[in-house]
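Here, each number is a calculation from the coordinates, and none is a lab measurement. Since the structure is predicted, the reported quantities are computational estimates derived from the model, not experimental observations. So basically every Cβ, Gly included, is an ideal-geometry build from the backbone, and we count neighbours across all protein chains shown.
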């Protein structure tokens, strides 16, 4: 048997029921959090810049939507091939390496005159490694904070993701008044570089959870076990499909209202931030789970207003309200963690995140493809109606998903 060991890190000083301030007093969590924050900001800026560049060159709703969320298509490839690396290699070393690759990809987008085919190729590369980075980061998070504080930590990171998206879209729209998209790519590359330095300086090495050699075979074995569990399948369906379809609606904002797209995207992110704050901090775990269905409906229902072509302020308010529905992700993630054996939690969370990102790309592609033949408003309404239908039909299976099954098994797949 190959040797895959490293000295375990010292126990985290985070209290078992930590709030946001207590979590941030832990230097290691703070470093992981700051690195994540900067990475999200850089990703938002680069996605907005690329979407703007593609729209200016092609005026194609499909290509514009795919350019903003195209990296998510490759996320599923990482989940299906090498996601076991998230549990089977030294997590700090893996995360630092992946941050270096992200820096290289974002910096390459800043090259003037780069063909669109090359830009889409870079998107696929970034998406592939982003999925591995997410699995590694979430596996580290589950070790850095106690289990009782995991929901609080995820809530803080979700809130931050929404907040950085608001700032990213707002700052991106402002920067594009003074800089070309290539200049915005340089700003995103600088943020990615700072994130790399922060993670390298603060995150300690942790023990390797998986005793078998990571690779394609181990990844597939764990994924087969993951999808063989009916409760996990139902949770993953609800985490992926309704979310991805609504992101497809958001991907049409540039085509729907080019002059107001930044405001619409920021409104959705602001709603997501508020929803995560309320659900993560003010609700108990039991209440979060009870409200998950209503939140998932809230995610899609306001988009049905697009059928009536309301004025921009009303559309912006509807997008803000709908954004709060993304908070349904948190209770579903908690439930999935309860159904996950400890040795493969990094891979399972990585698969969940990769599938969610991939469905965002699928949703963007579906919405962009339909918008080639229908108006953006009609397309948004149709996609939102499908999201509502998926939520309603899958709800009974999520409700019946058993809790705490296989949580304490030592071997996993």
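Hey, rough spin-label estimate for residue 197 and residue 378, points 7 angstrom out along Cα→Cβ, what's it come to in nanometres?
5.3 nm
If you take the Cα Rg of region 117-195 and divide it by 2.2 N^0.38 Å, with N the number of residues, what do you get?
1.37
For the residues 199, 171, what sequence is obtained by ranking on other C-beta atoms within 10 Å, fewest first?
171, 199
Subtracting the Cα-Cα distance from 0.36 nm times the residue separation, let me have the gained length for residue 386 to residue 259 in nm, one decimal.
43.0 nm
With a bin width of 10 angstrom, please list the P(r) values of region 98-158 as percents of all Cα-Cα pairs, from the 0 bin to the one holding the largest distance.
With a bin width of 10 Å, the distribution comes to 20, 36, 23, 16, 5, 0.
Fewest Cβ neighbours within 10 Å first, please rank 29, 293 accordingly.
Taking fewest neighbouring Cβ atoms as first place, the list is 293, 29.
Please report 250, 205, 334 as a ranked list, fewest other C-beta atoms within 10 angstrom at the top and most at the bottom.
If I rank by nearby Cβ atoms, fewest first, I get 205, 334, 250.
I want to check the label-to-label distance for residue 58 and residue 114. Put each point 7 Å from Cα in the C-beta direction and report it in nm to one decimal.
1.6 nm
If you stretched the chain out fully between residue 204 and residue 290, how much longer would it get, using 0.36 nm times the residue separation minus the C-alpha to C-alpha distance?
So the extension gain works out to 27.3 nm.
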